[in-house]
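J.: One structure coming up, written as structure tokens, with questions to follow.
What follows is calculated from the coordinates using simple rules that are stated; it is not laboratory data. What you see is a predicted model; the values in this text were computed from it and never measured. Cβ coordinates were reconstructed from backbone atoms using ideal geometry, including for glycine residues, and neighbour counts include every protein chain displayed.
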Amino acid sequence: MCWKCGNDIEDASFIARSAECPFCHADLHSCRNCTFYSPGSHYDCHETVEELVRDKERANFCGSFKPKLHFPPVAKKADARKKLEALFNL
């Protein structure tokens with residue numbers, strides 16, 4: 001899956017460093033799309049990494065990269081608006 005738009009990626013067994021999501025064009029070989037990404041951990045990673053990757057949404061050369069297969073559903077703007085309207089009886 002793509003970390004940004006939530007769409008399924010056909011062949012996620014190998015993701016090249018320059019791979020992009022065919023739907024939203026986000027970089028796929030990035031920290032945000034990795035199984036080991038963990039905000040709050042050392043360098044935001046569960047793996048022992050030597051160097052900080054500053055931009056977690058951009059492609060990088062990390063050798064520990066492992067594609068994350070599932071993400072929480074991406075909330076759509078219209079769905080959020082409906083929930084707010086229902087909450088406040090608008």
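J.: Determine the equivalent ellipsoid of the chain by diagonalising the alpha-carbon gyration tensor, then write out the semi-axes as square roots of 5 times the eigenvalues, largest first, rounded to whole Å.
T.: 29, 17, 10
J.: Treat the stretch 7-48 as a sphere of radius equal to its Kirkwood radius over Cα pairs and apply Stokes-Einstein at 20 °C in a medium of 1.002 mPa s; give the translational diffusion coefficient in µm²/s, rounded to a whole number.
T.: Translational D for this selection: 189 µm²/s.
J.: At most 14 other C-beta atoms within 10 Å and a DSSP loop state: those are the exposed trypsin sites (Lys or Arg not before Pro) I care about. Give me the longest piece of the chain that has none.
T.: 18-53
J.: Considering the chain as a Gaussian network with a 10 Å cut-off on Cα pairs, which listed residue, Leu28, Leu69, Leu52, attains the greatest mean-square fluctuation?
T.: Comparing Leu28, Leu69, Leu52 in the GNM, the peak value goes to Leu52.
J.: Would you please name the GluC sites (Glu not before Pro) within the chain that are DSSP coil residues with at most 11 other C-beta atoms within 10 Å of their C-beta?
T.: Glu10, Glu50, Glu51
J.: Give me, ordered by chain and number, the residues 5 or more places off Lys66 or on other chains with an amide H under 5 Å from its own placed amide H.
T.: Thr35, Phe36
J.: Counting alpha carbon pairs within less than 8 Å and at least 6 residues apart, what relative contact order, in whole percent, applies to the chain?
T.: With pairs under 8 Å counted, the relative contact order is 29 percent.
J.: Across the chain, how many lysine pairs, 8 or more apart or on two chains, come within less than 15 Å at their alpha-carbon atoms?
T.: Lysine pairs, 8 or more places apart or on different chains, close enough: 6.
J.: At most 11 other Cβ atoms within 10 Å plus a DSSP loop assignment makes a site exposed; report the longest stretch of the chain without any exposed chymotrypsin sites (Phe, Trp or Tyr not before Pro).
T.: 15-60
J.: Next question, about the same structure. Just Asp55, Asp27, Asp11 to compare: in a GNM of the chain, with alpha carbon springs under 10 Å, which one fluctuates most?
T.: Asp11
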